[in-house]
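Beneath this line is the structure, given in structure tokens, with notes to follow.
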Amino acid sequence: MQQALDSKADSIQREFIAAGYELDEIARQLLDAEPDQREPLREKQRILRDRQRGLAGEVNEWRDRARGVRSQPGQHTLREFLNDLLKLDDPLLTPSVKHALYLLDAPEEELEAMMQQEETTVVTTQAGRLIQRARTDFDLRRSDVGARQRAAVEFANRPGVAQQDDLVEEIEAAIDDPDPMVQEIAVLTMIHLHKFRCMRVADLDMSYASVQKLASLNNLATVPVLIEVLENPRTGFVQGDDGAMEEAGNNRSRMVALLRLIEWHTPDARLAVQKVRFDQDPDIVKTADRALELFPEDWSGPLRGTGSLPKVPEA
């Protein structure tokens, strides 16, 4: 709890520092501003200074709470302290507060069992450790998705991880977790794991299955990966009818990516579709031309949700 409260204070401190940088920039702008431009800048300066004062007060308040959680004289006062924190209804702190209150009421036998279980699960899979961090790490539970995105990329780029089916399946299973932070980090990690398989694995059957996985996700983070698949023809190996591996291209995967990008219907997707109008694969060219013919206006959002991929009508 103390770590979570200190982290909350740190996040507000970073906002305070960012406001200071903005004030420095406004001060520089005032030196060169015309007379009629100065009053709006001064007003913005006043607003930022008021904001800094408010943030400074919040930082001190959260620091006091962090110190207070360790200085309660007994269980009764600690419980009151935790209940007061619970009333704040802070989405990042509430799970930790509820867990602490639960531990206060748990019987000794249950606590011993929990400690034994924790000891037996200290050594777990890499995927399990990532999921556990998503439940408990304050930085991963903040509103900023950046930390979860970095953790997902770091995990997926570990040597050999993307080629271990059991780890990939464990991450995919966490998408159904009731904790929304766990769900998000699982989805982001899944996207990067399958990106590795799409772009770097020589087994094109595995790559094709990964593109299909990405196409099934209703998450905008898949769009850059699908674009990368579409724009990068490559060769690899597939299993032939006789069971032997034979060289082939990845146009099958690229077609899946193209169809899903048409569904996503974003400006970036449209640009990617335009780029393949002169592709070496005639089927991709035909599909891209037909999509642009059917949807000549700007693309501004998904045509529909996830599901089976539609067939682009024949010309």
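Readers should treat all values here as calculations from the given coordinates under stated rules, not as data from a laboratory. Since the structure is predicted, the reported quantities are computational estimates derived from the model, not experimental observations. Please note: Cβ atoms are built from the backbone with ideal geometry, for glycine as well, and neighbour counts cover all protein chains shown.
What nm value, rounded to one decimal, do you get for the distance between residue 3 and residue 175 when each label is placed 7 Å out toward the C-beta?
3.0
Treating the beta-carbon of each Lys and Arg as +1 and of each Asp and Glu as -1, no other charges, what is the dipole magnitude of the range 1-54 about its Cα centre, to the nearest 20 debye?
For the range 1-54, the charge dipole is close to 240 debye.
Given the options 248, 18, 215, state which has the largest fluctuation in a GNM of the chain using a 10 Å cut-off (strictly under) for Cα springs.
18
Mind ranking 287-293, 155-161, 63-69, 251-257 by how tightly packed they are, going by the mean number of other C-beta atoms within 10 angstrom, highest first?
251-257, 287-293, 63-69, 155-161
Could you give the Stokes-Einstein D for the range 224-277 in µm² per second, using the C-alpha Kirkwood radius, 37 °C, 0.692 mPa s?
After rounding, the answer is 273 µm²/s.
Between the range 49-87 and the range 168-227, how many Å separate their Cα centres?
Rounded to whole Å, the Cα centres lie 40 Å apart.
Count charges around residue 274 for me, please; just the other residues with Cβ under 14 Å from its Cβ, Lys/Arg as +1, Asp/Glu as -1.
Result for the local shell: -3.
So what's the range 124-220 giving for Rg/Rh, alpha carbon basis, Kirkwood Rh from the mean inverse pair distance?
Result for the range 124-220 is an Rg/Rh of 0.95.
Tell me the angle of helix 251-264 to the major Cα principal axis of the chain, expressed in degrees between 0 and 90 and rounded to the nearest ten.
On a 0 to 90 degree scale, this one is about 50.
Please list the radius of gyration and Dmax for the range 201-315, considering alpha-carbon atoms only, with Å as the unit.
So, for the range 201-315, Rg and Dmax equal 14.2, 47 Å respectively.
Taking residue 275 as the anchor, which lysines have their alpha carbon closer than 28 Å to its alpha carbon, excluding any fewer than eight residues away along the same chain?
195, 213, 286, 311
Under 5 Å between amide hydrogens, which residues at least 5 positions from residue 248 or on another chain qualify, with H placed 1.01 Å from N in the peptide plane?
236, 237, 238
Sorted by mean Cβ packing within 10 Å, highest first, what order do the peptides 73-79, 21-27, 189-195, 3-9 take?
Going by the mean number of other Cβ atoms within 10 Å, highest first, we get 189-195, 3-9, 21-27, 73-79.
Which residue, 4, 96, 62, has the largest displacement toward the positive end of the dipole of the range 2-120 when charges sit on each Cβ (Lys, Arg +1; Asp, Glu -1)?
Projecting each Cα onto the dipole axis, the largest value belongs to 62.
Round to the nearest 0.05 the FRET efficiency obtained for residue 275 and residue 41 when R0 = 45 Å and r is the Cβ-Cβ distance.
So, using R0 = 45 Å, E works out to roughly 0.55.
If the reach is capped at under 23 angstrom between alpha carbons, list the lysines near residue 87, excluding any in the same chain fewer than eight residues apart.
Output for residue 87: 8, 98.
Taking only the C-alpha atoms, wrap a convex hull around the chain and report its volume per residue in Å³ as a whole number.
212
Can you give me the Rg/Rh ratio for the range 2-120, using Cα atoms for both radii and the Kirkwood formula for Rh?
Ratio value, two decimals: 1.24.
When only C-alpha pairs under 8 Å and at least 6 residues apart count, what is the relative contact order of the range 1-82, in percent?
Rounded, it is 51 percent for the range 1-82.
Full extension from residue 252 to residue 219: what is 0.36 nm times the residue separation minus their Cα-Cα distance, to one decimal in nm?
9.7 nm
Any chance you could run the full-extension gain for residue 106 through residue 56? It's 0.36 nm times the residue separation minus the Cα-Cα distance, nm to one decimal.
14.3 nm
Sum -39500 (n - 2.57) across every DSSP H segment of at least 4 residues in the chain, then divide by the residue count to get the 222 nm mean residue ellipticity, nearest 500.
Rounded to the nearest 500, the figure is -22500 deg cm²/dmol.
Where does each of 29-39, 217-227 land if you order them by average Cβ count within 10 Å, highest first?
217-227, 29-39
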